[in-house]
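The values are calculated or read from the model by the stated rules, or taken from the named source; none is laboratory data. The shown structure was predicted, so the numbers you read here are calculated from the model rather than taken from an experiment. Virtual Cβ from ideal backbone geometry, glycine too; neighbours counted across all protein chains shown. All accessible areas refer to the heavy atoms of the entire protein, side chains included, with ligands and DNA or RNA removed. Shrake-Rupley method; radii C 1.70, N 1.55, O 1.52, S 1.80 Å.
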Amino acid sequence: MKKLMLGNEAFARGLYEAGCTVASSYPGTPSTEITEFTAKYDEIYAEWAPNEKVAVETAIGASIAGARSFSAMKHVGLNVASDPLYTISYSGVNGGLVIAVADDPGMHSSQNEQDSRHHAIASKVMMIEPSNSAECKEFAKTAFELSEKFDTPVIVRLSTRVSHSQSIVELCEREERPLKEYIKNPQKYVMMPAFARPRHIFVEERLKNITEYAETSPLNRIEISENAEFGVIASGAVYEYAKEALGDKASFLKLGTINPMPVKLIQDFAKKYDKIYVIEELDDIIETHCHKIGVNNVIGKEIFGFCGELSQTVISEKILNKKSEYAEFSENVPVRPPVMCAGCPHRGVFYCLSKLKVNVSGDIGCYTLGASAPLSAIDTTICMGASISALHGFNKARGKDAESKTVAVIGDSTFMHSGMTGLVNIAYNSTNSTVIILDNSITGMTGHQQNPTTGKNLKGDPAAAVNLEALCKALGINRVRVVDPYSLAETEKAIKEELAVEEPSVIISRRPCALLKYVKHKPPLKTDSEKCKGCKMCMKLGCPAISMKDGKAVIDHTQCVGCGICQEMCRFDAIL
Amino acid sequence: MDTKSVMIVGVGGQGSLLASRLLGNVLLSQGFDVKVSEVHGMSQRGGSVVTYVKYGEKVYSPIIEKGEADIIISFEELESARWIPYLKKGGHLITSTQKIDPMPVITGAVKYPENITEKIKQAGIDIISVDALSLAEQAGTSKASNVVLMGVLSTKMGFDESVWQNAIEQCVPEKFLELNKKAFALGVQNA
């Protein structure tokens with residue numbers, strides 16, 4: 001049966017067909033749907049872990065126990081999971097262990113565009129890279145075979161355009177994999193120095209063996225064109241761009257094995273042409289490998305650069321000197337950046353912070369949008385959890401004065417991911433810091449995933465729910481209070497009071513995400529044009545449902561969910 | 001045949017994912033190689049969103065670049081203006097007349113351009129302008145303007161209407177089926 005599938009959905013299908021039985025992940029664009037689709041197969045146990053490190057360690061445990069196991073994450077998630085990765089590389093696997101990592105060239109939804117291939121090289125773990133949905137499914141299956149054959153975790157590298165493009169996939173049956181026998185084997189699984197030293201020797205040997213495999217692997221493919229004047233080496237989505245741009249003007253070496261890469265295969269291909277273009281997004285991993293193995297007739301980063309996404313247009317411009325023709329709109333088109341939704345519970349908190357002119361140490365989630373105009377409330381955003389730990393450092397550096405003017409903001413899911421340890425540090429090493437947990441009862445930005453605070457698991461079944469108030473107290477914070485961000489007065493009062501006290505405190509701003517299906521909305525609000533004085537107080541909220549028409553505020557009834565914070569802002573009772 | 005390219009553009013939350021799923025299903029049922037590329041995550045929060053749909057004998061790149069689209073379907077007027085450069089010479093633009101102010105307009109930093117449709121026409125571009133929002137409300141909900149626009153698109157694609165009906169049945173939950181079929185029919189009538 002043929003089906004149009006997202007790369008991520010096809011990958012989940014590959015896990016199913018390969019007989020995978022355990023999957024543990026943390027959501028992150030563009031990887032999230034792999035695990036969501038995996039959860040639809042009853043044959044696979046799938047879960048959201050609190051973070052990527054826990055997820056990978058769970059998959060490692062399942063692999064050691066003899067199951068084909070899996071974990072998915074976005075590129076920066078692999079940083080969090082890199083600690084177990086670098087050591088499980090030494091131990092290897094029992095049941096196959098596959099990790100999917102999705103890079104985001106062009107930063108559609110990320111804070112950086114790091115290249116995850118570096119992690120594969122540094123951890124000496126095998127990495128392969130598919131180009132489209134059909135390959136996502138096939139590579140997922142092959143990854144398990146290779147993992148068991150070479151006793152290695154296998155990373156499958158994806159990217160936004162592979163994960164989030166749909167293409168045609170041929171479905172196959174599932175092959176059941178009974179658990180492999182578990183045998184206690186400390187020399188393999190207890191990585192203390194005496195046992196780890198021989199495993200490092202094994203790892204170096206394994207790299208040689210996989211290189212040997214890569215020379216003839218079906219994951220790599222040479223496509224010779226009679227008309228070709230030059231050769232191209234590419235992988236992943238870039239291969240598809242290059243095929244479209246260059247067609248039969250080039251011969252191709254499509255690389256599927258990214259770490260380690262073949263040697264002789266590349267050397268022989270490069271001998272056929274005077275000029276070889278190495279086309280790769282982000283860093284010069286393939287190009288550097290070419291130079292390392294004495295293939296020097298390559299052109300790569302000198303014309304393609306290191307930043308952003310490539311495309312068929314970029315490739316045909318750079319190689320064929322083609323310019324595209326197109327019409328332009330006759331005037332400047334205003335940009336349309338993403339915004340907090342109408343009724344977003346974060347808006348009230350950011351309005352108060354902006355009004356009080358507080359320094360805000362931000363974090364990763366929908367609420368990063370609090371940095372945008374007109375709220376412009378956020379000072380810093382670094383990585384998951386950094387809001388709290390960096391606030392502590394900021395306050396240590398600037399002392400008492402700063403403590404009464406700075407807060408950290410972090411979502412419920414991000415707090416569970418890696419905010420807790422920062423809060424422990426605030427309590428333990430004592431700064432009078434104020435932390436605001438924006439508890440909207442869901443993981444929002446990635447599209448509504450459950451997390452340990454929501455009381456539901458990945459499958460939507462009831463689960464133990466972390467009590468944030470009790471948790472913060474247990475971590476050493478005595479002042480913990482809850483506010484409703486739809487009440488601006490209550491929220492502002494709480495922030496002022498907690499900034500003033502000379503001890504660490506946590507404010508939990510609690511309201512479910514306005515997009516959650518179970519949230520009941522009030523009818524849309526209207527403005528009374530007689531009463532509206534056009535003072536624009538309501539516009540300070542940056543609500544996408546409110547705009548000015550002919551000097552008066554108007555509310556878009558298709559967007560407004562009746563949250564009412566604009567009513568609190570209006571001094572003329574003009575919003576009804 | 002050459003690869004054909006269709007772009008669906010709009011504002012995050014307007015339902016472009018359902019529209020692209022519908023179109024993808026139609027094309028798959030006609031035996032084409034198909035690729036549909038979407039962006040998830042941050043831009044879905046009220047930002048400018050775009051979905052690429054490509055079909056033909058063999059499709060490689062899933063994305064559409066400037067000067068490559070045969071048809072652009074736009075859910076919002078400003079987005080029509082934004083994505084015009086992606087239209088191929090002789091391509092068609094189908095646009096909803098809905099206007100949604102982006103944040104820089106809301107904050108007063110810039111103005112929403114006036115008479116967008118007229119200006120696009122003056123640039124010599126073939127444009128079908130439809131009040132998809134009103135038609136969707138007529139069908140039962142403002143949320144169905146995506147399916148109204150698919151109805152308009154269907155008149156440009158040359159496939160049998162039953163093919164579209166099948167795709168709607170596959171992509172839409174039972175309880176919203178009648179509503180969406182009505183929205184689609186209104187799109188066809190108003191093309």
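For the reader, a short list of remarks on this structure follows.
- The helices (runs of 4 or more DSSP H) found entirely in the stretch A:3-120 that carry 1 or more residues being more than 30 Å from B:ASN25 (Cα to Cα) and of a type in the set (Lys, Arg) are A:52-64.
- In the stretch A:17-75, residue surrounded by the fewest Cβ atoms within 10 Å (Cβ to Cβ) [restricted to those that are among the basic types (Lys, Arg) and more than 14 Å from chain B (Cβ to nearest Cβ)]: A:LYS40
- Checked against (1) facing chain B (nearest Cβ under 7 Å); (2) under 30 Å from B:ILE116 (Cα atoms), A:CYS366 meets all criteria but (2).
- Subset of the stretch B:1-24 [open to solvent by 30 Å² or more (accessible area, probe 1.4 Å), part of a helix (DSSP H, G or I) and modelled with pLDDT of 95 or more]: none
- Here A:LYS2 passes the criteria (1) over 21 Å from A:THR453 (Cα atoms); (2) basic (Lys, Arg); (3) touching a helix residue (DSSP H, G or I) at 6+ places or on another chain (Cβ under 6 Å) except the one numbered (3).
- Only listed residue being part of a strand (DSSP E or B), within 10 Å of another protein chain (Cβ to nearest Cβ) and without any contact (Cβ under 8 Å) to a residue 60 or more places away in the chain, chosen from B:VAL34, B:VAL39: B:VAL34
- Residue match in the stretch A:152-159 (condition: open to solvent by less than 90 Å² (accessible area, probe 1.4 Å) and within 14 Å of chain B (Cβ to nearest Cβ)): yes
- Scan of the stretch A:230-272 for residues that are of a type in the set (A, V, I, L, M) and out of contact with any strand residue (DSSP E or B) (no Cβ under 8 Å at 6 or more places or on another chain), ordered by number: A:ALA245, A:MET261, A:VAL263
- The residues listed here are B:VAL188, B:VAL152, B:VAL163; of these, the one that is at pLDDT 95 or above, farther than 19 Å from B:PHE75 by Cβ and of a type in the set (A, V, I, L, M) is B:VAL163.
- Among the residues making up the stretch A:301-310, those that are away from every other protein chain (no Cβ under 14 Å) and farther than 17 Å from A:TYR273 by Cβ are A:LYS301, A:GLU302, A:PHE304, A:GLY305, A:PHE306, A:CYS307.
- Scanning the stretch A:340-348 turns up at least one residue that is assigned to a helix (DSSP H, G or I) and within 22 Å of B:ILE100 (Cβ to Cβ).
- Answer from A:GLU173, A:GLU205 - the residue that is within 30 Å of B:LEU23 (Cα to Cα) and open to solvent by 60 Å² or more (accessible area, probe 1.4 Å): A:GLU173
- Scan of the stretch A:112-130 for residues that are farther than 21 Å from A:THR381 by Cβ and open to solvent by 20 Å² or more (accessible area, probe 1.4 Å), ordered by number: A:HIS118, A:HIS119, A:ILE121, A:ALA122, A:LYS124
- Looking across A:LYS517, A:LYS526, A:LYS531, one residue alone is within 14 Å of another protein chain (Cβ to nearest Cβ) and open to solvent by 40 Å² or more (accessible area, probe 1.4 Å). It is A:LYS517.
- When B:VAL49 is tested against (1) buried (at least 22 other Cβ atoms within 10 Å of the Cβ); (2) under 21 Å from B:SER154 (Cβ atoms); (3) hydrophobic (A, V, I, L, M, F, W, C), exactly one condition is not met: (2).
- Of all residues in the stretch A:479-502 being touching a strand residue (DSSP E or B) at 6+ places or on another chain (Cβ under 6 Å) and touching a residue at least 60 places away in the same chain (Cβ under 8 Å), the one that is farthest from A:ASN395 (Cα to Cα): A:PRO485
- Residues in the stretch A:541-555 that are touching a residue at least 12 places away in the same chain (Cβ under 8 Å) and at the interface with chain B (Cβ under 9 Å from one of its Cβ atoms): A:GLY542, A:CYS543, A:PRO544, A:ILE546, A:MET548.
- Of all residues assigned to the stretch A:414-425, none qualifies as being open to solvent by 20 Å² or more (accessible area, probe 1.4 Å) and either within 14 Å of another protein chain (Cβ to nearest Cβ) or among the aromatic types (Phe, Trp, Tyr) (or both).
- Test: residue in the stretch B:148-164 that is more than 7 Å from every other protein chain (Cβ to nearest Cβ), β-branched (Val, Ile, Thr), surrounded by 16 or more Cβ atoms within 10 Å (Cβ to Cβ) and part of a strand (DSSP E or B): no
For every residue, the table says whether it meets (1) acidic (Asp, Glu); (2) open to solvent by less than 30 Å² (accessible area, probe 1.4 Å); (3) within 10 Å of another protein chain (Cβ to nearest Cβ).
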| residue | (1), (2), (3) |
| --- | --- |
| A:ILE276 | no, yes, no |
| A:ILE299 | no, no, no |
| A:GLN312 | no, yes, yes |
| A:ASN321 | no, no, no |
| A:GLU325 | yes, no, yes |
| A:GLU328 | yes, no, yes |
| A:GLU331 | yes, no, yes |
| A:VAL335 | no, no, yes |
| A:CYS341 | no, no, yes |
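- Any hit, the stretch B:91-103, residues being open to solvent by 40 Å² or more (accessible area, probe 1.4 Å), within 14 Å of the chain's Cα centre (by Cα) and closer than 16 Å to B:LEU149 by Cα: yes
- Of A:SER109, A:SER133, all but one fail to be open to solvent by 10 Å² or more (accessible area, probe 1.4 Å), within 14 Å of another protein chain (Cβ to nearest Cβ) and polar (S, T, N, Q); the exception is A:SER109.
- The listed residues are A:LYS74, A:LYS53, and the only one of them that is modelled with pLDDT of 95 or more and farther than 20 Å from A:MET107 by Cα turns out to be A:LYS53.
- Single residue of the stretch B:65-82 satisfying the filter (of a type in the set (A, V, I, L, M, F, W, C) and facing another protein chain (nearest Cβ under 9 Å)) that is nearest to B:ILE106 (Cα to Cα): B:LEU78
- Scanning the stretch B:115-134 turns up no residue that is within 10 Å of another protein chain (Cβ to nearest Cβ), assigned to a loop (DSSP other than H, G, I, E, B) and either more than 25 Å from B:GLU65 (Cα to Cα) or touching a helix residue (DSSP H, G or I) at 6+ places or on another chain (Cβ under 6 Å) (or both).
- Single match in A:ALA390, A:ALA373, A:ALA386 (criterion: of a type in the set (Gly, Ala, Ser), open to solvent by 10 Å² or more (accessible area, probe 1.4 Å) and within 11 Å of chain B (Cβ to nearest Cβ)): A:ALA373
Listed here are the residues, each with its yes/no results for (1) assigned by TED's automatic domain parsing to the domain that holds A:GLU43; (2) under 13 Å from the mean Cα position of the chain (by Cα); (3) acidic (Asp, Glu).
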{"position": "A:MET73", "(1), (2), (3)": "yes, yes, no"}
{"position": "A:VAL80", "(1), (2), (3)": "yes, yes, no"}
{"position": "A:ASP83", "(1), (2), (3)": "yes, no, yes"}
{"position": "A:THR87", "(1), (2), (3)": "yes, no, no"}
{"position": "A:ALA100", "(1), (2), (3)": "yes, yes, no"}
{"position": "A:GLN111", "(1), (2), (3)": "yes, yes, no"}
{"position": "A:SER116", "(1), (2), (3)": "yes, yes, no"}
{"position": "A:LYS149", "(1), (2), (3)": "yes, no, no"}
